[in-house]
Every structure is written in structure tokens, then in C-alpha cells.
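Structure, as C-alpha cells:
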Amino acid sequence: MKATVACLALMVVGPATAQNSDWSFALSPYIWVPSITTRVETDWGRLAVDKSHRDVLDKLDVAFMGVFEARKGPWGLIADLFYADLTQSRDTPLGLLFSRARMEIQAKALSGYAAYRVHEDDRVALDLMAGLRVYAVDIDVSLSPGLLPGQRLGMSTNWIDPLLGARARLAITDQWFATALADLGGFGVGSDLTWQLFASLGYQINDRWSVQGGWRYVSIDKPIDGRDVDLDFNGPLLGFTARF
């Protein structure tokens, strides 16, 4: 796991040491406020717990994402990191078997893509991408006593998914632009299926700085410790990009 993460990091950061001025770089940190829907198979049925964007803000749970890109000519190397540490709860889960369910979820994912620009003109740039996403997920489920005594489930795993994707950038005016990205992966290698959609609207302040706001949806369908688990992160984001 550590070796894979190191390889992905080197794939992106390595070109920065090159003495070739043709390389360009961009760093984009974001604040992300996702709602989360978690569905876990238990011995008593399928448990589903939701947490809204407002709950995330009220409890100051952590969700962060950042993107680093190195580009030379039509080729690009992209690293995309997201980290979420969230707690969810709901009353009377699984009928009346339990009085309350509480889930603590920590999810980390590092994606590394090789991108090739298949089209570029004054308004539109289109990249096709292939790569890997490395996950580390920990889920702790606490079920408070109801008709049944209280129970606790802990699940933890790391895995790697292959990915295929595409990204498009549209220049709306000289300052305003839109970006969209989609990828699909897993294919039974790691996850049964994982996918994400990202869309943002940005404003170019100058040649170096831009700001953007948008939406990201990440979905994961993966058996963990013999139990089917679905995780959906879905919410708005706000960030900036520095180019150098």
C-alpha cells in the first residue's frame, strides 16, 4: 500500500525536478462539503444512514480534496487526493431492532492519472485519462439497544482500482471557464464499481491564479470484510488554482 502511494506521488512530482522549461504545473486545493450516504449489510439486514451538507457544516466534520497536475505538450500527469472523516447517525434503524445507529467513516483516496490531450482549440480542451485510485477506508458501526442488545461492527480495508476517465475545459469568456471530469473504475479488480463526476465554474484572475466552485460526486461499491458496502459522497466545493 505504502509503496503504491509512493509510486503515484513520484509519477506526478518527479517531473518537477526536470530542468525543462516546457513543463507546467498547477496546484488546486479545495474545501469540500459532501453529504454522505452509507449502506452496509449486517446480520439483521441492510443498514442505510445519511448525513446532509448542513450536518457536515454544523459539526465541522472534515472533508478535503486537492489536485496537482504536471503537463508537457499533450501529456499530463494528475494526482487527486481526497480525505473525509465523518460521523453519521439515525434513530430506529432496521425497524425497531435497535434504537439508534452511529457510523464513523474515515475515507482516503489518492488517484493518479496519465492524461493525453486529444483536442485543443481556443475554447475547448479535451483529455482522455487512465490510471489508478488507492483507497483506505475505516468504518465503525455502533447499534444501540432496542428489541435486541447493542452491537458493534468494525470494518477496515485498503485496495486499488483501475480507472478510465475524461476531462473537458471550456473557455466561456476570457476570464470565465468551466471544467468537467468523469471517471469509472473498479471493474471487480478492487471495488465492484466506483465512479465520480466533477463539474466546476471558474474565474481566471490572472495568468497564475484562478478560483472555482462546483460539485463532486464519488460513489464506491465494495465488499469489506465479507459485507457489501456502498459509500456515496456528494456535495459542493470551493477552491483555487495556482499555476507555475
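Things to note:
- Residue tally, condition open to solvent by less than 10 Å² (accessible area, probe 1.4 Å) and out of contact with any strand residue (DSSP E or B) (no Cβ under 6 Å at 6 or more places or on another chain), over the stretch 117-146: 0
- Take the conditions (1) more than 19 Å from the chain's Cα centre (by Cα); (2) open to solvent by 30 Å² or more (accessible area, probe 1.4 Å); (3) closer than 20 Å to PRO34 by Cβ; LEU197 misses just one of them, which is (1).
- Qualifying residue in the stretch 202-209 (condition: crowded, with 16+ Cβ neighbours inside 10 Å, hydroxyl-bearing (Ser, Thr, Tyr) and more than 23 Å from SER35 (Cβ to Cβ)): no
- Qualifying residue in the stretch 214-224 (condition: under 23 Å from ALA115 (Cβ atoms), in contact (Cβ under 8 Å) with a residue 40 or more places away in the chain and of a type in the set (Gly, Ala, Ser)): no
- Of all residues in the stretch 149-158, none are basic (Lys, Arg) and surrounded by 15 or more Cβ atoms within 10 Å (Cβ to Cβ).
- Residues that are open to solvent by less than 10 Å² (accessible area, probe 1.4 Å), touching a Leu at 6+ places or on another chain (Cβ under 6 Å) and modelled with pLDDT of 95 or more, drawn from the stretch 101-116: GLY112
- Filtered by the rule that a residue be within 23 Å of SER24 (Cβ to Cβ) and basic (Lys, Arg), the stretch 186-236 gives a lone residue, ARG208.
- Looking only at the stretch 84-98, and only at residues there that are among the hydroxyl-bearing types (Ser, Thr, Tyr) and open to solvent by less than 50 Å² (accessible area, probe 1.4 Å), the one that is nearest to GLY186 (Cα to Cα): THR87
- For the stretch 75-83, the criterion of being surrounded by fewer than 16 Cβ atoms within 10 Å (Cβ to Cβ), modelled with pLDDT under 90 and either part of a strand (DSSP E or B) or of a type in the set (Lys, Arg) (or both) is met by no residue.
- Within the stretch 164-194, considering residues that are among the hydroxyl-bearing types (Ser, Thr, Tyr) and assigned to a strand (DSSP E or B), the one surrounded by the fewest Cβ atoms within 10 Å (Cβ to Cβ): THR179
- Selection within the stretch 54-74: residues that are charged (D, E, K, R) and at pLDDT 75 or above. The member of this set that is surrounded by the most Cβ atoms within 10 Å (Cβ to Cβ) is GLU69.
- Where strands (runs of 3 or more DSSP E) fall wholly inside the stretch 24-68, the ranges with 2 or more residues that are free of Cβ contacts under 8 Å to residues at least 60 places away in the same chain and among the hydrophobic types (A, V, I, L, M, F, W, C) are 45-51.
- Residue check, GLN212 of a type outside the set (A, V, I, L, M, F, W, C) and open to solvent by 30 Å² or more (accessible area, probe 1.4 Å): no
The values are calculated or read from the model by the stated rules, or taken from the named source; none is laboratory data. As the structure is a computational prediction, the values presented were derived from the model and not from experiment. Don't worry about glycine lacking a Cβ; one is built from the backbone with ideal geometry, like all the others, and counts go over all protein chains shown. For accessibility, only protein heavy atoms count, side chains too; no ligands or nucleic acids. Shrake-Rupley method; radii C 1.70, N 1.55, O 1.52, S 1.80 Å.
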